[in-house]
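The values are calculated or read from the model by the stated rules, or taken from the named source; none is laboratory data. As the structure is a prediction and not an experimental result, all values here were calculated from the model. Heads up, the Cβs are rebuilt from the backbone with ideal geometry, glycines too, and the neighbour counts pull from every protein chain shown.
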Amino acid sequence: MPDCRILGGLVIDPASGVHTARDVVVRSGRIAAVTEPQGVPPGLDDVDASGCWVVPGLIDMHVHLREPGYEYKETVETGTRAAVAGGFTAVACMANTNPVNDNAAVTALIRDRARRAGLARVYPIGALSKGLQGVALAEIGEMHEAGIVAVSDDGRPIVSGGLMRRALEYTSMFGIPVIVHEQDEEIAADGVMHDGAVAARLGLRGIPAAAEESMIARDIALLERTGGRLHIAHLSTAGAVALVRAAKARGLPVTAEVTPHHFTLTDQAVAGYDTDAKMNPPLRSARDVEAVRQGLADGTIDVIATDHAPHHADEKNVEFDAAANGIVGLETALPLALEMAREAGLSADVLIAALSTNPARVLRVTGGTLGVGAVADVTVLDPQRTWVVQPERMRSKSRNTPFAGRTMTGQAVVTMVGGHVVWRAATGSVTPRPLEDA
Amino acid sequence: MAFAHAHLLGLEGLEREDLTFLLDTAASFKEISERDIKKVPTLRGKTVVSVFYEASTRTRTSFEIAAKRMSADFVSLTASASSATKGETLLDTARNLAAMRPDAIILRHNASGAPHFLAARLDCPIINAGDGSHEHPTQALLDALTIREHKGRVEGLTVAIVGDILHSRVARSNLFSLRTLGATVRLVGPPTLVPPEFRAWAEVTHDLREGVRDADVVMMLRIQLERQGKNFFPSTDEYARYFGLNERALAAAKPDVIIMHPGPMNRGIEIASEVADGPYSVIMEQVTNGIAVRMAVLYLLASGGREPEPSTPAGSAPGAGETAPIRGARRSG
């Protein structure tokens, strides 16, 4: 593969503590050097990063790629197209496929599809329980050998505290995190949005913040003696932030993520019964949005992850109660994160850590750094470039976004995986890596 | 003035002038139902379709009588007879109906927001006949009309709404309209059924006697018996003990209080028969006013975008009398 240089950009690499103008030299798919700016004009194979940030490739540790089983919503190929267009060099995909990724054969199939697609790296997350039924542990060891990086029944909370205890204990043997969708289904009842004034006014059943917080409290209590690592998916409430903050202060091995929609939107977005604002956990109050932003700023929340949840238009073009939960997120996450950082006064270093360094650390995967010798997974982003979200032009197979028509500031101009440029915004082109390098 | 809305989805957000205009129009239609021949040609040649995804005798019948007294053709579908059981989506069902060019679709649906969903997608007036726990606008309009007839006004009155506020579309529509019309609303029920969010819009109490104290109007809501299985209250007996309206509880209200109920009543649970059938009860007047309100709503929404008549003196309601112009004919002529 051709060597290349990424010239004239502002390198922000929290893992190596670099935040300054640097040229990056890529050779044989790895970072060969990070040098003082040479001021040389870019050659044909080089990337002109002037005016841009050069950051370790973004990693989205929470996506739904829908393959196998729900290819009408998304495939590994279309999902990773969306990923690289959004600046992500790697994604971790949840197990709620059909069949469920609760065995090594499905794990291997997903990895094979990803290799053939040749775009973003794909890290499968195995089911915690067989068939996502919440009863018996899946064959976690076999899936781990096949390449899973975590276990999760995402979409379904682990109702049984006993199962949760054993999952934390058992996974400690493999060093992989247990990723949890925290919601007490009894408290949530059959809620469809955040429990608050908007729900009261709209006559929609509410999901109280306590549904999320009580489960987090339970799992943190378990973690005191189980071993293992707990990762809270899409944390959404002020109380949840406080629980994680306190647990971290006690030194417990807990990490947490927040989605762009939970730090951008409130339950007001549901006001017109907009089914693209229906998700689980639901969009919360302004106070919760403030708290998750604060949680990112002070390190309580480690990761920004999208919960990219593609759904067919027919699954959203129905009455609110009947609509599917979730939105696509890969192609809008970066500008929403930049916007939030500007509003909340979050430093670029904290932001890039949440989008790259920290997810790599939580999942213990390659990437997350531009240190010399690291794989050349690099995102070159223009923090000033403005564009308008046009769902019909998204690379994802699905269009379910509440951000249609919104003007975004910030875009990935080049996404590089293993030294190969797989996305170039200037031409809008997605170019797979050659199969032998994928 | 005119009613500047294409649909009637809810009362939230309607201006006071809109509500007053609807009530005035309804009042002018009341006389038609007092006649020997209860039919005017106002909506002759118009087609009204009602689609009910929930069982309802009273509301559906009331709409049907209202439409027929206006000479509209009325077609009624219920969920069991419709395509819902064949797996057709709400939107497809409604699109098919709209393709038959009705002049209004009346929708009752178990999902909050269902009529809003259709209104955004169909080129046909949608009348909400009750959506989930959200709104039931014609019920609240007939309630306001009944209150106004008895009290001469709505502004300045104290109205207590008692029961399952959480799940009640009647409560929400009344809360929105009564507040807009200048009344003070009190919500009364157990904390499980009156969430604290409502304190932003109304006085909230969990004590029935406190709630009805000095009230001008007491509006009782039907308690859904299946709620006791979900622990909203332990038993209907205990519910009746704390929130059932009887003469003793009523003693704290104003001497000229009126008692309302949207029906159907659970006698002996939320309302004692002595109260339901007593001198303060206006429950049957509510039912009568329901016809006038629905005639007014159909007239304003289904008559094809014509300017309504300026408000007419009593006895010469739009369409009243043999000499009243047939509006469609006038427009085309």
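Here is a check on your reading of the model: is residue A:67 part of a helix (DSSP H, G or I) and either touching a Pro at 6+ places or on another chain (Cβ under 8 Å) or farther than 21 Å from residue A:375 by Cβ (or both)? Taking the combined requirement at face value, the residue does not satisfy it. Selection of region A:392-414 for residues being β-branched (Val, Ile, Thr), under 18 Å from residue A:276 (Cα atoms) and in contact (Cβ under 8 Å) with a residue 24 or more places away in the chain yields only A:401.
Annotation: residue B:114 fulfils all but one of (1) buried (at least 24 other Cβ atoms within 10 Å of the Cβ); (2) more than 8 Å from chain A (Cβ to nearest Cβ); (3) aliphatic (A, V, I, L, M); the unmet one is (2).
Taken together, A:327, A:352, A:301 contain a single residue that is part of a helix (DSSP H, G or I) and of a type in the set (Val, Ile, Thr), which is A:352. If you go through region A:98-121 and keep only what is outside any helix (DSSP H, G or I), at negative phi and either in contact (Cβ under 8 Å) with a residue 60 or more places away in the chain or surrounded by fewer than 23 Cβ atoms within 10 Å (Cβ to Cβ) (or both), you end up with A:98, A:99, A:100, A:103, A:119, A:120, A:121.
Checking B:231, B:266, B:246 one by one, the residue that is in contact (Cβ under 8 Å) with a residue 40 or more places away in the chain and over 27 Å from residue B:179 (Cβ atoms) is B:266 and no other. Collect the residues in region A:171-201 that are within 25 Å of the chain's Cα centre (by Cα) and either within 14 Å of chain B (Cβ to nearest Cβ) or not in a loop (DSSP other than H, G, I, E, B) (or both), keeping them in residue-number order. Matches in region A:171-201: A:171, A:177, A:178, A:179, A:180, A:185, A:188, A:191, A:192, A:193, A:194.
It is to be established whether one or more residues within region A:246-254 are assigned to a helix (DSSP H, G or I) and in contact (Cβ under 8 Å) with a residue 60 or more places away in the chain.
Looking through region A:246-254, none of the residues is assigned to a helix (DSSP H, G or I) and in contact (Cβ under 8 Å) with a residue 60 or more places away in the chain.
Condition check ((1) touching a residue at least 60 places away in the same chain (Cβ under 8 Å); (2) outside the structural domain of residue B:253 (by TED's automatic domain parsing); (3) not charged (D, E, K, R)) across all residues:
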{"site": "B:77", "(1), (2), (3)": "no, yes, yes"}
{"site": "B:128", "(1), (2), (3)": "yes, yes, yes"}
{"site": "B:165", "(1), (2), (3)": "no, no, yes"}
{"site": "B:181", "(1), (2), (3)": "yes, no, yes"}
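Counting only helices (runs of 4 or more DSSP H) that sit wholly inside region B:121-220, those with at least 3 residues that are surrounded by fewer than 24 Cβ atoms within 10 Å (Cβ to Cβ) and more than 14 Å from chain A (Cβ to nearest Cβ) are B:137-151, B:208-212.
For region B:39-50, the criterion of a residue being of a type in the set (A, V, I, L, M, F, W, C) and free of Cβ contacts under 8 Å to residues at least 60 places away in the same chain is satisfied by at least one position. Among the residues of region A:288-317, how many are within 14 Å of chain B (Cβ to nearest Cβ) and either of a type in the set (D, E, K, R) or free of Cβ contacts under 8 Å to residues at least 12 places away in the same chain (or both)? Number of matching residues: 3. When each of B:67, B:99 is tested for being away from chain A (no Cβ under 14 Å) and more than 24 Å from residue B:292 (Cβ to Cβ), the lone residue that passes is B:99. Selection of region A:348-386 for residues being closer than 16 Å to residue A:11 by Cβ and either of a type in the set (Gly, Ala, Ser) or touching a Cys at 6+ places or on another chain (Cβ under 7 Å) (or both) yields A:348, A:353, A:356, A:367, A:368, A:371, A:373, A:374, A:376, A:380, A:381, A:382. One residue alone among B:96, B:110 is closer than 19 Å to residue A:275 by Cβ and not assigned by TED's automatic domain parsing to the domain that holds residue B:173, and that residue is B:110. Per the conditions (1) away from chain B (no Cβ under 14 Å); (2) touching a strand residue (DSSP E or B) at 6+ places or on another chain (Cβ under 7 Å), the sole criterion not satisfied by residue A:162 is (2).
The residue of region A:77-95 that is surrounded by the most Cβ atoms within 10 Å (Cβ to Cβ), among those that are more than 19 Å from residue A:366 (Cα to Cα) and without any contact (Cβ under 8 Å) to a residue 60 or more places away in the chain, is A:95.
When residue A:227 is tested against the conditions (1) within 14 Å of another protein chain (Cβ to nearest Cβ); (2) at positive phi, the lone failure is (1).
Where residues in region B:4-55 are surrounded by 15 or more Cβ atoms within 10 Å (Cβ to Cβ) and basic (Lys, Arg), which of them is farthest from the chain's Cα centre (by Cα)? Applying the filter and picking the extreme gives B:44. The single residue among A:204, A:235 that is part of a loop (DSSP other than H, G, I, E, B), within 14 Å of chain B (Cβ to nearest Cβ) and at pLDDT 95 or above turns out to be A:204.
Here's the yes/no breakdown for (1) at pLDDT below 95; (2) in contact with a strand residue (DSSP E or B) (Cβ under 9 Å, 6 or more places away or on another chain); (3) more than 20 Å from residue A:431 (Cα to Cα):
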| residue | (1), (2), (3) |
| --- | --- |
| A:23 | no, yes, yes |
| A:32 | no, yes, yes |
| A:39 | yes, yes, yes |
| A:72 | no, no, yes |
| A:103 | no, yes, yes |
